[in-house]
1. Looking at Leu102, Leu97, which one is over 19 Å from Glu12 (Cα atoms) and free of Cβ contacts under 8 Å to residues at least 12 places away in the same chain?
2. Out of Ala267, Ala192, Ala207, Ala261, which single residue is crowded, with 18+ Cβ neighbours inside 10 Å, in a helix (DSSP H, G or I), within 47 Å of the chain's Cα centre (by Cα) and free of Cβ contacts under 8 Å to residues at least 60 places away in the same chain?
3. What number of residues within the range 158-187 satisfy the criterion of being surrounded by 18 or more Cβ atoms within 10 Å (Cβ to Cβ) and of a type outside the set (Val, Ile, Thr)?
4. Would you confirm, using the coordinates I've provided, whether Ser222 is open to solvent by 60 Å² or more (accessible area, probe 1.4 Å), at pLDDT 90 or above and part of a helix (DSSP H, G or I)?
5. Of Lys197, Lys149, Lys175, Lys130, which residue is assigned to a helix (DSSP H, G or I), without any contact (Cβ under 8 Å) to a residue 12 or more places away in the chain and within 23 Å of Glu263 (Cβ to Cβ)?
Amino acid sequence: MLSHNGPNYKLEFPFVDHSYDNLVIDEAEVRVILPEGASGFEVVYPNYEITREADEIVKTYLDTFGRPVLVFNAKNLEENHIKNIEVYYKFNSIMLLQEPLLVVIAFMVIFATVIIFVRLDFSISVDENKEARQRVAFLVEELFNIANKIKSSVSDETIELLGAVKSKKDAKHFKNVKKEVDALYKTLTDEAGAITKKIVGLSPSLADKVAEFNRREGERRSLLASISALAEKVLSDKVSKTTCVEQENNLLSKLYTAQSALEDSLAAL
């Protein structure tokens, strides 16, 4: 018989039971398996000698640290020894949820593993379209870097060169700097041209957007040539100061607009 008051439990049972008349037992061993998590054992024996052996642990399905086993031993038992033994122990009822929770967690782990396994791609085949998109993205980034380098090292340098000519008419300095800027511009535009061809080769659908980028770069090239031409006029005194300022403002306005449009065309790629 099992009874309890909160976490305090009492298990009462006959050490031996009636099997037949004139019962005689030379030696009996009784093993009491208590629930996992039980502790604080106290035993009340009947009025005859019963030996308690060392406690053991037994593990069954879904057990984590095992169930305690109380082992009792007695000898020379008769019918008048059919009396109850009482085992008192403590057990937290929350432990009853342990095994259901283990089952739930196990199923959750299985489901999560299946979901991850299904979503992962273990194939060794190459996705050519994906690879092409990645290569195009890399080339577009290179093109963006070249466009920025043209802006900082060619466009801005050309504008500064015009300002230097206006303040000091040094033809030799102008010629040397212009030669370096033109050489750098040619190198960068050649690189940009090679990259745009690769982009179109990998993704023909981008041909129109690449053409728009090339058109915008052509506009910038034309405006930079006009700014250089204005600087040469200033050197040879072929333009008045007022006319120079007007033309400079007009060219710079168009240049900034063209560079903004060029950046938009790059973003469209």
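1. Leu97
2. Ala192
3. 4
4. In short, yes.
5. Only one candidate passes the filter, namely Lys197.
Yes or no, residue by residue, for (1) touching a helix residue (DSSP H, G or I) at 6+ places or on another chain (Cβ under 9 Å); (2) at pLDDT below 90; (3) closer than 23 Å to Ala38 by Cβ:
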{"residue": "Lys75", "(1), (2), (3)": "no, no, no"}
{"residue": "Glu78", "(1), (2), (3)": "no, yes, no"}
{"residue": "Tyr89", "(1), (2), (3)": "no, no, yes"}
{"residue": "Pro100", "(1), (2), (3)": "no, yes, yes"}
{"residue": "Phe111", "(1), (2), (3)": "no, no, no"}
{"residue": "Leu120", "(1), (2), (3)": "no, yes, no"}
{"residue": "Ser123", "(1), (2), (3)": "no, yes, no"}
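The values are calculated or read from the model by the stated rules, or taken from the named source; none is laboratory data. Remember, predicted model here, so these are calculated numbers, not experimental data. Because the Cβ atoms are built from the backbone with ideal geometry, glycine has one as well, and the counts that use them run over all protein chains shown. Heavy atoms of the whole protein, side chains included, go into the accessibility calculation; ligands, DNA and RNA do not. Shrake-Rupley method; radii C 1.70, N 1.55, O 1.52, S 1.80 Å.
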